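Down below is the structure, laid out as structure tokens.
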Amino acid sequence: MVISKKHLGQHFLFDKNIALKIVNSLKNNNKYPVLEIGPGKGILTDYLIKCFDDLYLIEIDTESVSFLNEKYPENLFNLINADFLKLDLQETLKNNEFCIIGNLPYNISSQIFFKILDNKKYIPEVVCMIQKEVAERIFSKHGTKSYGILSVLIQLFYKTEYLFTVNETVFTPRPKVKSGVIRLERYRNTIPGIDEKELLGIVKTAFNQRRKVLRNSLKNIIPEDIITENQAVFKLRPEQLSPEDFVDLVRLTK
Ligand code: SAM
């Protein structure tokens, strides 16, 4: 038996129709290996093993890992007892491209997305269930309140799609909030002429002081002459810039 652990974000889905709908949302047609984050008691895994030959499960909870090993005695997947955030993905997947699926632990979903962005060269597609509010942040357009760091960075590299909402009632224990299932499909790996570390630094610094105009929030990381020569853009607040506007801003510093 697996007793749910709050600190690991364990809310187990028990609705099989929803599990199937999530697995069917992956467009990957066995072209790439699939990595499931946090299989728990395996409700998504039940369907993943039917669809994918090359499957990796990364689960931090030793009790869930023992449960899965007993549930599936046949070697149908590579089950790794590890923290996804600390795992060396390139070594685990032998530098192959792979897709990610999961009902994510909500307490670390933002960190998971930053790790996905760091490894985007290897990750063409992601289907996952997250807190509805985080899903909305990822899709937010500029000019809205929920638009932020993740919206800018994910939209620059992935086509984002909100697939459906999932109610609290289909989990045990019940979460306090609704969930959303989303799909990300990578449309580019890199942006020519852009230093991604610089982009990340500018986006994070700007949104960490989101009420300030860029002239004030970025004055320590962008030379004064560039700010003076481009006053119009530096008079704006970060939520007024689209993801591509941030790219143009980084280009100004070249
Ligand atoms: N997939 C199962 C389901 O849909 O019922 C469980 C989902 S539950 C919301 C999140 C799962 O992620 C749990 O099994 C939890 O133990 C696991 N988990 C939490 N933190 C993790 C981490 N850092 N690395 C890998 N797995 C993690």
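The values are calculated or read from the model by the stated rules, or taken from the named source; none is laboratory data. Not measured: the values here are computed from a predicted model. A quick note on method: Cβ atoms are made from the backbone with ideal geometry, for glycine too, and the neighbour counts reach across all protein chains shown.
Hey, among the residues in segment 230-254 that are assigned to a loop (DSSP other than H, G, I, E, B) and modelled with pLDDT of 95 or more, which one's surrounded by the most Cβ atoms within 10 Å (Cβ to Cβ)? Steps first, please.
Filtering segment 230-254 down to residues assigned to a loop (DSSP other than H, G, I, E, B) leaves 230, 235-237, 241-242, 253-254.
If we keep only those that are modelled with pLDDT of 95 or more as well, we get 235-237, 241-242.
Numbers: LYS235: 12, LEU236: 16, ARG237: 16, LEU241: 21, SER242: 16.
It comes out as LEU241.
Scanning segment 1-21 for residues that are part of a helix (DSSP H, G or I) and more than 8 Å from the ligand (Cβ to nearest atom), which turns out farthest from ILE43 (Cα to Cα)?
HIS7
In the set ASN17, ASN81, ASN95, ASN24, which member is polar (S, T, N, Q), at pLDDT 95 or above and farther than 23 Å from VAL181 by Cα? Write out each step before concluding.
Values: ASN17 fails: farther than 23 Å from VAL181 by Cα; ASN95 fails: at pLDDT 95 or above; ASN24 fails: farther than 23 Å from VAL181 by Cα.
Testing whether each residue is polar (S, T, N, Q), at pLDDT 95 or above and farther than 23 Å from VAL181 by Cα leaves just ASN81.
If you go through segment 22-35 one residue at a time, how many are assigned to a loop (DSSP other than H, G, I, E, B), within 21 Å of TYR162 (Cα to Cα) and in contact (Cβ under 8 Å) with a residue 60 or more places away in the chain? Full working, then the answer.
First, pick out the residues of segment 22-35 that are assigned to a loop (DSSP other than H, G, I, E, B): 25-33.
The next check asks that each one be within 21 Å of TYR162 (Cα to Cα); those that pass are 25-29.
In the following step, the residues that additionally are in contact (Cβ under 8 Å) with a residue 60 or more places away in the chain were identified as 25-28.
Number satisfying all stated conditions: 4.
Being away from the ligand (no atom under 13 Å from the Cβ), polar (S, T, N, Q), assigned to a helix (DSSP H, G or I) and over 14 Å from the mean Cα position of the chain (by Cα) narrows it down to one residue among ASN75, ASN95, ASN69; which is it?
Working: ASN75 fails: assigned to a helix (DSSP H, G or I); ASN95 fails: assigned to a helix (DSSP H, G or I).
Every option except ASN69 fails the conditions.
Within segment 149-182, how many residues are surrounded by fewer than 19 Cβ atoms within 10 Å (Cβ to Cβ) and either under 18 Å from the mean Cα position of the chain (by Cα) or not aliphatic (A, V, I, L, M) (or both)? Outline the logic, then answer.
Filtering segment 149-182 down to residues surrounded by fewer than 19 Cβ atoms within 10 Å (Cβ to Cβ) leaves 159-165, 167-170, 172-178.
This time we only want the ones that are either under 18 Å from the mean Cα position of the chain (by Cα) or not aliphatic (A, V, I, L, M) (or both), so: 159-165, 167-169, 172-176, 178.
Total meeting the criteria: 16.
In segment 98-123, what residues are more than 16 Å from TYR56 (Cβ to Cβ) and either in a helix (DSSP H, G or I) or more than 13 Å from the ligand (Cβ to nearest atom) (or both)?
Across segment 98-123, the qualifying residues are TYR106, ASN107, ILE108, SER109, SER110, GLN111, PHE113, PHE114, LEU117, ASP118, LYS120, LYS121.
Just name the residue that is surrounded by the fewest Cβ atoms within 10 Å (Cβ to Cβ) out of those in segment 60-74 that are β-branched (Val, Ile, Thr) and without any contact (Cβ under 8 Å) to a residue 40 or more places away in the chain.
Here is the first cut: in segment 60-74, the residues β-branched (Val, Ile, Thr) are 60, 62, 65.
Retained after the next criterion (residues that are without any contact (Cβ under 8 Å) to a residue 40 or more places away in the chain): 62, 65.
Details: THR62: 9, VAL65: 19.
Ranking the qualifying residues of segment 60-74, first place goes to THR62.
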